[in-house]
Amino acid sequence: MPKVLGGSLEAHRREVRARVFEVLRAQLYERGFDAITLAGVAAAAGVGRTALYNHFPDKESLLVAFVEDEAAQYVARLRTAVEAEPDPVAQLATFVRLQLRVLAEHHLPPGAALESALAPAAYQRISAHADPITGQLREVLLAGVDAGSWPAQDVDVVGAMITAALGSRQVIDVPADQLDEVIETAVRFVLQALGSVQVSRSAPDLG
């Protein structure tokens, strides 16, 4: 009988998933999705292949589960950070900073690469996780209009434009010592594009 990690079946399940996701995260950027095998992930994670197959029957299932887990953690982190700010301008600045920092940390593979690697249904499940993030941005934009932080405008159009801009790796593809300055430039750009008269220059710790 295989050893149960963590003292219970539920703890064992969490431990297996944590080990596997850690290995998968590294291998996605070292090798790319096409080069990953379940057997290779299991070996690197110190998990039996049979145990891994019990959790994830194929590569796509593993990747979808990984992205769902990452997305859930990020959405919670984003909402906490945004809601801690006192006004819509500071909230939007926080949203922009966190989006770009997470992109710079390589938490998830580029969307285009995922789309080409996965079956449409699997990719649709992954892309659906953008909805809570888009919803959070929309709330901030509407709050800013209500507070007079920026002029009334179509927040769905503006939100889509902001999301597209913040999803470009070119924005944060800079040396590490320049990242803070680049992110603050992006914050000012977004606020100015909205017509905000108040441009935040502070950079709180979002770690």
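The values are calculated or read from the model by the stated rules, or taken from the named source; none is laboratory data. For clarity, every value in this text was computed on a predicted model and none was experimentally measured. Cβ sites come from the backbone with ideal geometry, for glycine too, and all protein chains shown count toward neighbours. Areas reflect the complete protein model, heavy atoms only, side chains present, ligands, DNA and RNA absent. Shrake-Rupley method; radii C 1.70, N 1.55, O 1.52, S 1.80 Å.
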*asked:* Once ligands and nucleic acids are excluded and a 1.4 Å probe is used, how much of T134 is accessible, expressed in Å² to the nearest 10?
replied: 70 Å²
*Which order do the peptides 75-86, 38-49 take when ranked by the mean count of other beta-carbon atoms within 10 Å per residue, highest first?*
38-49, 75-86
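Among 169-180, 12-23, 91-102, what's the highest-first ranking by average C-beta atoms within 10 angstrom per residue? Could the numbers behind the result be given before it?
Working: 169-180: 11.3, 12-23: 17.2, 91-102: 22.3.
Those peptides, ordered most packed to least, come out 91-102, 12-23, 169-180.
Taking R0 as 45 Å, what's the FRET efficiency between V197 and E68 from their Cβ-Cβ distance, rounded to 0.05?
Numbers: r = 40 Å, r/R0 = 0.88.
Plugging the Cβ-Cβ distance into 1/(1 + (r/R0)^6) gives 0.70.
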